[in-house]
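Asks: If you scroll down you'll find the structure; I have some questions about it.
The values are calculated or read from the model by the stated rules, or taken from the named source; none is laboratory data. Here the structure is a predicted model, which means the values were calculated and not measured. Note that each Cβ is placed from the backbone with ideal geometry, even for glycine, and that neighbours are counted across all protein chains shown.
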Amino acid sequence: TVGAVAIDREGNIAVATSTGGITGKVAGRIGDTPILGAGTYADNEIGGVSTTGHGETLMRFNAAQRILQKISCHNMSAQEATEAALKEMTARLVGTGGAITIDKKGQIGIYFTSKRMAWAYIKGNELHYGINAGE
Amino acid sequence: MEPILIVHGGAGDITEARVPGKFTGVKKAVREGFKVLSDGGSVLDAVEKAVCSMELDDNFNAGYGSVLNIEGYIEMEASIMHGKDLKAGCCTLIKGIMHPISVARRVMEKTNHTFLGGENAMEFARRENFELLPPDSLITENAKRALEEFKENQKKGVDTTFARTELDKTEPNGTG
């Protein structure tokens, strides 16, 4: 799965997510990626999220919406919300995943409960990237 | 507000051998998407551009390089959303199209609906002049090998509940 989240100078947020799914899936299987609130969500008044990982788990947990809910209702930062939601998801449903988040203030969240997740972002003129936990 | 673009290239049991390709790909994607923003393009244009970059790259499970279903072919899906007006476009069960994300955007912009799937999503893409590629043209050797391993693991009775989206050879049960 691949995904992108962007915010511009006016605070407009957009999210895109695309995937081939999961190896060996049954023909006709649909994952979280095209499901709004699971694989993708954007709301200028809260933030934007793109997820990746075990689709059935992310779908059942409504992962993107849960992250945004923690930002809007629990006053968490983008990082805190992304981390808390994904930890809760894996604790309850076993499957792992990751997410990238930008909130309406331009704060970034990056977290995954899988072994690795490739990510990169540009803010200002600086490019940051990583793949292991804590990078 | 300072413009920001962030991308991910998939989560899972990514082996050391695949790390350099992932880094190259996500850095390329974020640069291409951010350039759109810097040049005055919209946030939608920026995220679409970043995702298209990774759909072209076989280091990622999207577009060219997508994983195979149990029948041995690719079915892709994508979604795009704008936070200003909550407009969105989604598509699923897409075959032989390099950029499903662009189909999703077209669903958002050219229909009164949000989500198209299956044969009628493909018919919509045909009407919108998306290039329909031969079915095998998006399939990589890596994806074929991963499906063979998946089937071998099933025969051995290995739990494949969390089948892989990341295509390595060392960890048969890593989570996708």
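Asks: Answer with yes or no whether residue A:67 is touching a residue at least 24 places away in the same chain (Cβ under 8 Å), of a type in the set (A, V, I, L, M, F, W, C), at the interface with chain B (Cβ under 9 Å from one of its Cβ atoms) and buried (at least 24 other Cβ atoms within 10 Å of the Cβ).
Replies: Judged against the criteria, residue A:67 is not a match.
Asks: Sticking with this one: Name the residues in segment B:10-28 that are buried (at least 16 other Cβ atoms within 10 Å of the Cβ), more than 7 Å from chain A (Cβ to nearest Cβ) and modelled with pLDDT of 95 or more, would you?
Replies: B:21, B:25, B:28
Asks: Return the residues of segment B:39-74 that are among the acidic types (Asp, Glu) and surrounded by fewer than 24 Cβ atoms within 10 Å (Cβ to Cβ); say none if nothing qualifies.
Replies: Within segment B:39-74, B:39, B:45, B:57, B:58, B:71 qualify.
Asks: A further question follows. Identify, please: which residue in segment A:57-85 is of a type in the set (A, V, I, L, M) and out of contact with any helix residue (DSSP H, G or I) (no Cβ under 7 Å at 6 or more places or on another chain) and is, among those, farthest from residue A:22 (Cα to Cα)?
Replies: A:68
Asks: Additional query: What number of residues within segment A:87-108 satisfy the criterion of being more than 10 Å from chain B (Cβ to nearest Cβ) and over 15 Å from the mean Cα position of the chain (by Cα)?
Replies: Selection size over segment A:87-108: 3.
Residues are listed down the side, and each one gets a yes or a no for (1) of a type in the set (S, T, N, Q); (2) without any contact (Cβ under 8 Å) to a residue 40 or more places away in the chain; (3) touching a Phe, Trp or Tyr at 6+ places or on another chain (Cβ under 9 Å):
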site	(1), (2), (3)
B:37	no, yes, no
B:40	no, yes, no
B:44	no, no, no
B:51	no, no, no
B:55	no, no, yes
B:64	no, no, no
B:71	no, yes, no
B:75	no, yes, no
B:82	no, yes, no
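Asks: What do you reckon, is residue B:27 touching a residue at least 12 places away in the same chain (Cβ under 8 Å), at negative phi and charged (D, E, K, R)?
Replies: no
Asks: A further question follows. Considering segment A:27-41 alone, what residues qualify as being β-branched (Val, Ile, Thr) and more than 7 Å from chain B (Cβ to nearest Cβ)?
Replies: A:35 - this is the single residue of segment A:27-41 that is β-branched (Val, Ile, Thr) and more than 7 Å from chain B (Cβ to nearest Cβ).
Asks: A follow-up question, please. Looking only at segment A:109-135, filter to residues that are more than 7 Å from every other protein chain (Cβ to nearest Cβ) and buried (at least 17 other Cβ atoms within 10 Å of the Cβ); which one of those is farthest from residue A:8 (Cα to Cα)?
Replies: Here the residue is A:113.
Asks: Continuing with this model, one more query. Please go through segment A:55-86 and pick out each residue that is in contact with a Ser or Thr (Cβ under 8 Å, 6 or more places away or on another chain) and more than 15 Å from residue A:100 (Cα to Cα).
Replies: Scanning segment A:55-86 gives A:55, A:57.
Asks: Please pick out the residue among A:72, A:50 that is outside any loop (DSSP other than H, G, I, E, B), more than 7 Å from chain B (Cβ to nearest Cβ) and of a type in the set (Ser, Thr, Tyr).
Replies: Just a single option satisfies the conditions, and that option is A:72.
Asks: Just wondering, is there one or more residues in segment A:16-25 that are assigned to a strand (DSSP E or B), crowded, with 24+ Cβ neighbours inside 10 Å and touching a helix residue (DSSP H, G or I) at 6+ places or on another chain (Cβ under 6 Å)?
Replies: yes
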